[in-house]
Amino acid sequence: MASDNTNKIRLSELPVGHKAIIREFEQSSTTALDREDIHLKLMEMGCVPGETVTIVKIAPLGDPISIAVAGYNLSLRRSEAHFIWVEEVMEKIRVSY
């Protein structure tokens, strides 16, 4: 599990339309081999720490999740998104008078 989750949530918990920055991957898993396979798969798809992601759509039954990452849309299983710890981006709205 992530060491300091004070401002972090799992990507699978982020609502539609919200943006976040990938901070790290889940550290605990059933086996180290499974964990490494999932981390490698996610990184190959553009989900790397520091990358901004946006939740585009969630299927009616909650699985899969469509995200925008690295300039394209990607569908992830909720179980895959569960392994990704993110920090939500609160965008400031510019108001001009």
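For segment 8-88, compute Rh as the Kirkwood radius over C-alpha pairs and then the Stokes-Einstein diffusion coefficient at 10 °C and 1.306 mPa s; write the answer in µm²/s, rounded to an integer.
Details: Rh = 12.4 Å.
It diffuses with D of about 128 µm²/s by this estimate.
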For MET43, MET90, ascending order of other Cβ atoms within 10 Å (fewest first) is MET90, MET43
Residue-ordered couplings for segment 51-62, obtained by feeding phi - 60° into the Karplus form 6.51 cos²θ - 1.76 cosθ + 1.60 and rounding to whole Hz (Gly and Pro as x), are 7, 8, 10, 10, 7, 8, 7, 10, 4, x, 9, x
Residue by residue through segment 17-23, the couplings from Karplus 6.51 cos²θ - 1.76 cosθ + 1.60 with θ = phi - 60°, in Hz, x for Gly and Pro, are x, 8, 9, 8, 10, 5, 9
Amide H neighbours of GLU51 at under 5 Å, excluding residues fewer than 5 places away on the same chain, with H built from the backbone geometry, are ILE22
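Run the numbers on segment 8-88 and let me know its relative contact order in percent, using alpha-carbon pairs under 8 Å that are six or more apart.
On the way: 148 pairs, mean separation 37.5, N = 81.
Computed value for segment 8-88: 46 percent relative contact order.
Each reported figure results from applying straightforward, stated rules to the coordinates on display, with no laboratory input. This structure is a prediction, so every number in the text was calculated from the model and none was measured. We place every Cβ from the backbone using ideal geometry, glycine too, and count neighbours over all the protein chains shown.
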